[in-house]
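Since the structure comes first, as structure tokens, the remarks are kept for the end.
The values are calculated or read from the model by the stated rules, or taken from the named source; none is laboratory data. These numbers come from a predicted model, not from an experiment. No Cβ is skipped: glycine too gets one built from the backbone with ideal geometry, and neighbour counts run over all protein chains shown. Calculation scope for accessible area: heavy atoms of the full protein, side chains included, ligands and nucleic acids excluded. Shrake-Rupley method; radii C 1.70, N 1.55, O 1.52, S 1.80 Å.
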Amino acid sequence: MKSSTGLKRGELRLLPVVIFLFLTFYLPVAILLMRGLRADGNWTFQWLRELFGSGYYRRVFLFTFYQALLSTILSLIAGLPGGWLFSHVDFPGKRVAKALTTIPFILPSILVVLGFILFWGRQGVVNRVLAGLMNKEAPIVDVLYSFKAILLAHVFYNFPIALRLIAAWWEGFPENQVEAARTLGASRLKIFLTVTLPQLLPGLLSAASLIFLYCFMSFAVILVLGGGPRFSTMEVEVYRLIKYSLDFGRGAALALTETVATLFLTFFYIRKEQKNVYTNSVFRKKTAWRDLEPSQKAGALLYIGLVLLVILGPILTVMVQSFLTRPSRTATAIWSLRWYREMLSPPGGVSGTAILAEAVRNSLGIATTTLILTLIIGAYTSWVLSRHKLKYPGLSESLIMMPMGVSSVVLGIGYLWLMRNGTFGNIHPVFSIICAHTVIALPFVLRSLTPAMRRIRLDLLDAAKLMGAGGFKRFISIELPLIRPGLISGGAFAFAISLGEINATLILSDAGITTIPIAILRLIGTYKFFSACALGTILILICLLAFTLIDAFDGWEN
Amino acid sequence: MKKYLLLLLMLTSVSSLFAGGQKEISVVTDNSKQLNIYCYDSFASEWGPGPTLVADFTEKTGIEVKLIAPGDAVTILSKVIMEKKNPRGDLLIGPDNNLLDRTLAEDILVPYDAPALADIPAELKFDETNHLLPFDWGYFAICYDSEQIENPPSSLEDLTKAEYTKSLVLMDPRTSSPGMGFLLWTRAVYGDDYLDYWKRLKGSVLSVTESWSNGYGLFTSGEAPLVLSYSTSPVYHKMWEETERYKALAFEEGNYLQIEGVGIIKGAANPEAARKFLDYMLSPEGQEVIATSNIMMPVNPYTNLPEAFNMAFISENPLLLDKEDIGENQMSWVQNWVEESGL
């Protein structure tokens with residue numbers, strides 16, 4: 001089909017995005033990675049040769065791939081039923097459930113770890129309940145401090161991503177092929193394998209690529225829940241080499257190797273995805289809960305129950321713990337606001353209320369600015385990518401998506417090095433933190449927006465053009481409403497990522513800026529675990545409120 | 001369309017509120033006469049000694065102070081090293097005895113013969129060149145939960161016993177200073193055979209955590225009855241929670257020392273103010289603030305301490321490795337540990 005809207009050349013229109021990413025991403029990261037190829041002022045492969053010659057680092061490399069692959073498969077399996085449920089069925093409490101699935105994303109890893117220990121640990125809720133039921137002593141479920149714990153935590157973090165992306169994708173294509181197959185008498189399994197799965201494949205790949213990269217670069221989970229250095233990944237080694245051993249040559253060389261691997265993965269995936277562009281834009285009519293068959297209802301309830309257990313278990317434990325205290329060492333725990341009070345009035349005499357208010361204000365301000373920036377840049381970029389002819393579309397998109405292949409630790413250190421060099425030296429930390437958050441969140445926003453933008457039928461735009469609508473008008477009145485689900489889920493991710501980000505923030509803040517995760521880290525660092533639970537509870541509530549607000553805007557039209 | 005405009009309006013008003021708040025901060029950072037102090041983040045935190053020290057100091061001297069704390073002691077050190085040619089800080093708070101050799105080798109500090117040094121016991125003056133001055137100290141120690149264990153171990157060797165299977169939480173020497181302290185501790189006791197000890201110890205270890213806070217969290221939430229921490233940790237629980245449930249163990253082989261240091265940065269814009277602040281830190285008054293909020297022992301013997309500090313033991317056999325030995329071999333000790341301990 002020849003489109004009269006035409007496909008204009010997009011290189012020039014992509015330029016602003018390229019300049020933005022060059023300054024906020026490529027330059028700082030390149031400065032850092034280059035160190036991996038330099039020694040004593042000369043170019044050298046010395047560090048790389050050393051890495052590949054070492055049995056230890058080869059093991060690390062293999063383990064990184066292995067755990068990421070396994071985690072991805074498990075997360076997809078866990079997210080698939082939810083993707084169907086959210087895209088096909090209207091059920092009571094759906095909005096709340098959708099908001100809940102984003103919680104794992106916003107929790108600072110240190111709080112997740114605390115929640116996991118309190119819930120899954122040897123003395124945790126699960127073990128105590130089971131021990132009570134089975135009348136036994138000692139831990140019954142021994143998951144933590146092992147490879148199992150890494151997988152469990154990765155599924156906790158990532159199956160909500162799978163669920164959301166699969167649901168967004170599934171919503172966008174028509175029921176008629178499935179109906180046709182059903183009319184022809186195909187069995188349910190056959191329909192799933194021959195119609196649904198191929199239709200879903202791009203969405204699945206999209207989710208899988210994100211989750212794989214995320215697990216590939218996983219950091220705190222590996223470090224804390226694995227229980228020891230034998231489960232080490234490239235990301236963790238980069239961090240250790242650069243941050244603790246101050247071994248910039250080896251660290252940068254390893255970061256370089258890791259980045260080359262992720263660039264390859266990103267590029268490979270985008271090439272595959274571009275072959276599978278859907279041009280349909282049908283919004284699925286959803287089945288009401290009461291119209292489901294009993295077996296479907298039972299399955300859905302079981303799934304929802306398991307999700308609630310896995311997601312809410314650790315989180316609720318943190319929240320409940322924040323309201324519990326023991327008046328004396330032998331007494332049973334009672335409800336109390338003690339930890340909140342202690343958080344508000346630290347012993348040092350400095351007003352805790354002011355600090356808490358500042359942390360909340362900073363976190364909200366940074367997250368809101370990040371949300372606005374990523375949505376504007378994201379919508380513009382996905383529009384350029386979907387509506388223009390580029391000489392190297394795969395390469396261009398990969399280059400724009402690259403930030404998802406670089407860790408926040410590397411990004412933060414890169415910023416520090418860049419800012420050390422005069423020109424950028426006087427940038428206020430707030431701006432560098434916002435830039436870092438925007439760069440980190442942008443790929444997630446593009447992931448939600450670009451498929452939605454690509455699915456819009458060009459003849460719809462042609463029709464609007466024939467009726468005299470200009471480019472801007474077409475964007476506002478056709479494209480923007482049609483990509484709205486993508487905007488909302490992308491925006492939610494951007495907001496959440498910014499609220500929970502701690503690695504780059506900590507490196508860049510110089511203690512001048514306290515965000516909520518940083519305050520939690522400090523509470524834990526000064527023995528105040530229960531106050532940390534209390535502040536974590538506040539963070540969770542802020543996020544729930546924000547997501548309900550975002551979803552409420554979504555609901556206005558219907 | 002209205003709702004998009006409304007949403008946009010709401011977002012911009014939120015962000016402008018926030019931008020208004022930021023202006024106040026940048027006014028403070030523009031002050032060039034202030035004293036800039038690099039310290040680790042828990043020192044500068046609302047609950048650490050930093051804010052109180054600064055408030056008292058400013059009230060006494062009229063000198064404005066800014067605390068800059070981008071991370072832990074190692075991060076601060078690498079930041080000061082990065083800025084060597086164009087230093088932005090005046091005072092560096094944080095490098096301990098294990099970082100001493102690296103700190104001195106980088107030539108980033110100038111010596112200062114503080115008057116208070118006369119009062120400080122000789123064994124705590126860990127840098128005879130006085131580039132890095134001690135400001136607090138403690139021992140690394142194994143702490144135990146007296147509600148879970150009745151017969152606590154009394155030596156490193158005891159820890160390897162079967163009764164402590166999966167009972168001990170340690171920290172990774174690559175990412176945490178207690179972790180490094182424990183590795184050096186085993187090195188100081190067992191010498192070249194330290195890895196054999198680690199292999200014997202393996203069965204007792206429940207988890208090797210990234211940071212002290214993660215590990216101590218495991219301990220206080222009841223996951224493990226034994227944890228690597230400091231001789232002063234019980235002081236905290238006594239002072240703020242009024243419990244003697246958690247106790248620190250003095251080991252027969254001795255306990256490894258940690259001494260935290262402070263030094264004046266070479267090329268500092270404000271060395272005079274830096275010296276004044278350092279003097280204040282070492283005075284009995286400043287030492288009391290540091291000891292009670294850092295929960296470490298003061299270096300100045302004339303410091304008033306709350307009774308809770310009786311919970312911290314004094315080792316009869318403090319251990320310390322030679323700083324050149326550490327500087328030269330630390331990397332290979334750690335790498336061998338990573339590859340051979342099996343943890």
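Restricting to the stretch B:231-245, count the residues that are touching a residue at least 60 places away in the same chain (Cβ under 8 Å) and open to solvent by 20 Å² or more (accessible area, probe 1.4 Å). Within the stretch B:231-245, residues that are touching a residue at least 60 places away in the same chain (Cβ under 8 Å) and open to solvent by 20 Å² or more (accessible area, probe 1.4 Å) number 4. Annotation note: of B:N97, B:N86, the sole residue that is in the same structural domain as B:M297 (by TED's automatic domain parsing), of a type in the set (S, T, N, Q) and under 20 Å from B:E328 (Cα atoms) is B:N97. Number of residues in the stretch B:55-67 that are surrounded by fewer than 22 Cβ atoms within 10 Å (Cβ to Cβ) and without any contact (Cβ under 8 Å) to a residue 40 or more places away in the chain: the value is 6.
Pairs needed: first member in the stretch B:308-332, at negative phi; second member anywhere, part of a helix (DSSP H, G or I) and modelled with pLDDT under 90; C-beta distance under 6 Å; at least 6 residues apart or different chains. The qualifying pairs are B:A308/B:M239. Consider the stretch B:300-343. How many of its residues are among the acidic types (D, E) and open to solvent by less than 40 Å² (accessible area, probe 1.4 Å)? The qualifying residues number 0. In the stretch B:232-278, the residue that is farthest from B:L319 (Cα to Cα) out of those that are away from chain A (no Cβ under 14 Å) and of a type in the set (D, E) is B:E272. Scanning the stretch B:51-89 for residues that are more than 28 Å from A:N503 (Cβ to Cβ) and not hydrophobic (A, V, I, L, M, F, W, C) yields B:T52, B:D56, B:T58, B:E59, B:K60, B:T61, B:G62, B:E64.
Quick test for you: out of B:D119, B:D136, pick the one residue that is more than 14 Å from chain A (Cβ to nearest Cβ) and under 16 Å from the mean Cα position of the chain (by Cα).
Values: B:D119 fails: under 16 Å from the mean Cα position of the chain (by Cα).
Result: B:D136 is the single residue among B:D119, B:D136 that is more than 14 Å from chain A (Cβ to nearest Cβ) and under 16 Å from the mean Cα position of the chain (by Cα).
Quick one: would you say B:W185 is outside any helix (DSSP H, G or I), closer than 30 Å to B:E106 by Cα, within 25 Å of the chain's Cα centre (by Cα) and touching a residue at least 60 places away in the same chain (Cβ under 8 Å)? Here the answer is no, as B:W185 does not meet what is asked. Among the residues of the stretch A:461-487, write down those that are in contact (Cβ under 8 Å) with a residue 40 or more places away in the chain and under 25 Å from A:I166 (Cβ atoms). Answer for the stretch A:461-487, where residues must be in contact (Cβ under 8 Å) with a residue 40 or more places away in the chain and under 25 Å from A:I166 (Cβ atoms): A:E479, A:L480, A:L482, A:I483, A:R484, A:P485, A:G486, A:L487.
Of note, B:D107 does not satisfy the criterion of being of a type in the set (D, E), buried (at least 21 other Cβ atoms within 10 Å of the Cβ) and closer than 21 Å to B:I76 by Cβ. Which of the residues belonging to the stretch A:230-242 are open to solvent by 10 Å² or more (accessible area, probe 1.4 Å) and not charged (D, E, K, R)? Across the stretch A:230-242, the qualifying residues are A:F231, A:Y239, A:L241.
Looking across the stretch B:139-152, the residues that are away from chain A (no Cβ under 14 Å) and out of contact with any strand residue (DSSP E or B) (no Cβ under 8 Å at 6 or more places or on another chain) come down to B:E150, B:N151.
Could you list all residues from the stretch B:198-219 that are in a helix (DSSP H, G or I) and surrounded by 19 or more Cβ atoms within 10 Å (Cβ to Cβ)?
B:W198, B:L201, B:S204, B:W212, B:S213, B:N214, B:G215, B:Y216, B:G217, B:L218, B:F219
Any idea which residue in the stretch A:215-228 is modelled with the highest pLDDT, counting only those that are buried (at least 24 other Cβ atoms within 10 Å of the Cβ) and within 8 Å of another protein chain (Cβ to nearest Cβ)? Among those that are buried (at least 24 other Cβ atoms within 10 Å of the Cβ) and within 8 Å of another protein chain (Cβ to nearest Cβ), it is A:L223.
Considering only helices (runs of 4 or more DSSP H) fully contained in the stretch A:95-170, which possess at least 3 residues that are open to solvent by less than 10 Å² (accessible area, probe 1.4 Å)?
Numbers: elements: A:103-106, A:109-120, A:125-134.
In the stretch A:95-170, A:103-106, A:109-120 are the helices (runs of 4 or more DSSP H) which contain 3 or more residues that are open to solvent by less than 10 Å² (accessible area, probe 1.4 Å).
Is there a residue being part of a strand (DSSP E or B), facing chain A (nearest Cβ under 7 Å) and at pLDDT 80 or above anywhere in the stretch B:59-71? If you could, list the steps in order and put the result at the bottom.
Residues of the stretch B:59-71 part of a strand (DSSP E or B): B:65-68.
After this cut, where a residue has to be facing chain A (nearest Cβ under 7 Å) as well, the list is B:67-68.
If we keep only those that are at pLDDT 80 or above as well, we get B:67-68.
So far as the stretch B:59-71 goes, yes, one or more of its residues are part of a strand (DSSP E or B), facing chain A (nearest Cβ under 7 Å) and at pLDDT 80 or above.
Inspect all residues belonging to the stretch B:308-322 and state whether any of them is assigned to a helix (DSSP H, G or I) and away from chain A (no Cβ under 14 Å). Among the residues of the stretch B:308-322, at least one is assigned to a helix (DSSP H, G or I) and away from chain A (no Cβ under 14 Å), which makes the answer yes. If you filter the stretch B:246-264 down to residues that are touching a helix residue (DSSP H, G or I) at 6+ places or on another chain (Cβ under 6 Å) and surrounded by fewer than 20 Cβ atoms within 10 Å (Cβ to Cβ), you find that the one that is farthest from A:F219 (Cα to Cα) is B:E253.
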